[in-house]
Amino acid sequence: MTDNRNIGAGPLAHQTGGDVRQPPDLRTVGPRSNDLVTLRPWLPSDLPVIAEASRDPYIPLITTTPSVYTTEEGHAWLRRQHDQAAEGRGRPMAITTTENGDVVGMAAINGINWAHRRAAVGYWILHRYRGQGFAKAALELLPDLARELGLLRLEALVETDNHASQAVCRAVGFTKEGTLRSYYRIGDKQRDMVMLANLLPPTN
């Protein structure tokens, strides 16, 4: 694996603990943009993007993207994103270029723990769009969204040798907190993962 993958952080599977209110329906979270990218909900018309992602040697290893794409698998993937948002577990969004609307990847706040007001970030960029600043631009939009949701901490897990993704996280305010040894299974191997976090000041 190279250090310029820009495939980014994988999901964290936090469980909601404590007595908390009913999680909100995050399908109401709409698009948000900066000069380079727009994050928007996934659409059925985006299935060719999922098909392309499934052919990447790495993306299916760290995400729920099917490793063997079929139309049925594509629609099932879209339903999982819809259900995650509807149940308040996360908000997966397509990364599109602000200039022309091409879908270049995915960014998400996921694994939300409403009791402890923390969540994870995950993102990936299609191979042909890597190295163009799209990952950093997309990740820049997630802390403000997290604050709007009342979250106080965002976490990212990145492989120890994925220096490009670690740099992206640091560039938007994440700080390395340590290395979790043999923490995450990718393919057929246990991997050490760097934990990075961004502490968000409360809005009130």
Choice from SER182, SER165, SER67 with maximal GNM fluctuation in the chain (Cα, 10 Å cutoff): SER182
Can you tell which of ILE95, GLY178, GLY74 lies farthest toward the positive end of the dipole of the chain, using +1 and -1 charges on the Cβ of basic and acidic side chains (Lys, Arg; Asp, Glu)? GLY178
Past the 18 angstrom mark, what percentage of all C-alpha to C-alpha distances in the range 17-89 do you count? 52
Please state the charge dipole magnitude for the chain, taken about the Cα centre, from unit charges on C-beta atoms (+1 on K and R, -1 on D and E), reported in debye and rounded to the nearest 20. 380
Hey, if you drop one equal point scatterer on each alpha-carbon of the chain and run the Debye formula without solvent, what base-10 log of I(q)/I(0) do you get at q = 0.08, 0.11, 0.18 Å⁻¹? -0.24, -0.47, -1.37
Distance-filtered residues of the range 137-166 - backbone nitrogen under 15 Å, label point 7 angstrom along ILE186 Cα→Cβ: 156-166
Expressed as a whole percent, how much of the Cα-Cα distance distribution for the range 130-204 exceeds 15 Å? 58
Mean Cβ-within-10 Å packing, highest first, puts peptides 92-101, 133-142, 108-117 in the order 133-142, 108-117, 92-101
Please give, to one decimal in nm, the separation of the simple spin-label points placed at LEU199 and LYS176, each 7 Å out from Cα toward the Cβ. 1.9
What does the highest-first list of 83-90, 59-66 look like by mean Cβ count within 10 Å? 59-66, 83-90
Among ARG147, ARG181, ARG91, which one shows the highest mean-square fluctuation when the chain is modelled as a Gaussian network with alpha-carbon springs under 10 Å? ARG181
Among DSSP beta bridges whose residues both lie in the chain, state the antiparallel percentage, nearest 5. 90
From the P(r) of the range 97-150, could you give the percentage of C-alpha pairs in the tail past 18 Å? 38
For the chain, calculated [θ]222 nm from helices alone, where every DSSP H run of n ≥ 4 adds -39500 (n - 2.57): -7500 deg cm²/dmol
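Bear in mind that the values in this text are calculations on the coordinates, not laboratory data. None of these values were measured; they are calculated from a predicted model. Using ideal geometry, Cβ is built from the backbone for each residue, glycine included, and neighbour counts are taken over all protein chains shown.
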